[in-house]
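A.B. asks: A single structure is presented below for examination.
What follows draws every value from the coordinates through simple rules; no lab data is involved. These figures come from a predicted structure and were not determined experimentally.
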Amino acid sequence: MFVLVNLKAYPCDPIAVATAARDVADDAGVRIAVAPQAADLSRVAETGVETWAQHVSPIDHGSHTGSTRAAAVADAGAVGTLINHSERRLTLADIDGARAAAADNDLETVVCANDPAQAGAAAALGPDAVAVEPPALIGGDVSVASADPGIVRDAVDAVTDVDEAVELFCGAGVSTGADVAAAADLGASGVLLASGVAKADDPRAALEDLVSGI
């Protein structure tokens, strides 16, 4: 089970969260990654934690003000990237372009989708994984695995029907070890979460609780 922590733009200390994630990953033998703001990528990577970008743009060198090159995040120490998060949506063509740019720079990719139908469509683009995240549950205290487990089961089936090599992650409302265990029971191979760790008073304790369900 892969635990991917998106720090979004929350007012947390990215180095403190990264250090906690590194230590919990080492202690528990669990894969944990942290996705900080782009400006913090290199500092987070220097802690030794697995580091991911929150977004890459479907571009290379050129007149692309405000864009984020996949090569730049790889140079900063990232080994993977989110694509099409609900808060950073892209067109289908741009999702495919961002995935291709990431692949060209040896970055793993997790494409986010709102529902099983979108998850299946995303899987057809060939990412490493698809994360199903119903927008209404993002940032809340109730996990999709608890609120509507059918969404996770259907997303697993939709992705597998398209490409068995693509993994299915569960996101939205994941904040406890019980949520992680429920996601695994439904067939998810990873979880994507944010506020449960980024807004926690004690990020290490939150992470320890999360991995207790693995």
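A.B. asks: Multiplying the sequence separation of ASP60 and VAL79 by 0.36 nm and subtracting their Cα-Cα distance, what value in nm do you get?
C.D. replies: 5.1 nm is the gain from fully extending ASP60 to VAL79.
A.B. asks: Ok, one more. With an 8 Å Cα cut-off and a minimum separation of 6 or more residues, compute the relative contact order for the stretch 2-211 in percent. Kindly include the intermediate steps, with their values, before the conclusion.
C.D. replies: Values: 477 pairs, mean separation 40.3, N = 210.
The value is 19 percent.
A.B. asks: Taking amide H positions as placed 1.01 Å from N in the peptide plane, with prolines and chain starts having none, which residues 5 or more places from ALA33, or on another chain, fall under 5 Å of its amide H?
C.D. replies: Here the answer is VAL3, LEU4, VAL5, since their amide H atoms fall under 5 Å of that of ALA33.
A.B. asks: Are there any helices in the chain, counted as whole DSSP H runs, that stretch 15 Å or more along their axis by Cα and score at least -1.0 on average by Kyte-Doolittle, and if so which? Display every interim value, and only then the final one.
C.D. replies: Working: long enough: 14-28 (21 Å, 0.43); 92-104 (18 Å, 0.28); 149-162 (20 Å, 0.51).
Helices meeting the span and hydropathy rule in the chain are 14-28, 92-104, 149-162.
A.B. asks: How far, in nm, would the chain grow between SER67 and THR91 when pulled straight, counting 0.36 nm per residue and subtracting the alpha carbon separation?
C.D. replies: Numbers: separation 24, 0.36 × 24 = 8.64 nm, distance 1.51 nm.
Extra length available between SER67 and THR91 comes to 7.1 nm.
A.B. asks: Okay, next question. With the cut-off at 1.5 for a/c, could you classify the chain from its C-alpha gyration tensor as rounded, prolate or oblate? Working shown, then result.
C.D. replies: Values: a/c = 1.70, a/b = 1.06, b/c = 1.60.
Verdict is oblate for the chain.
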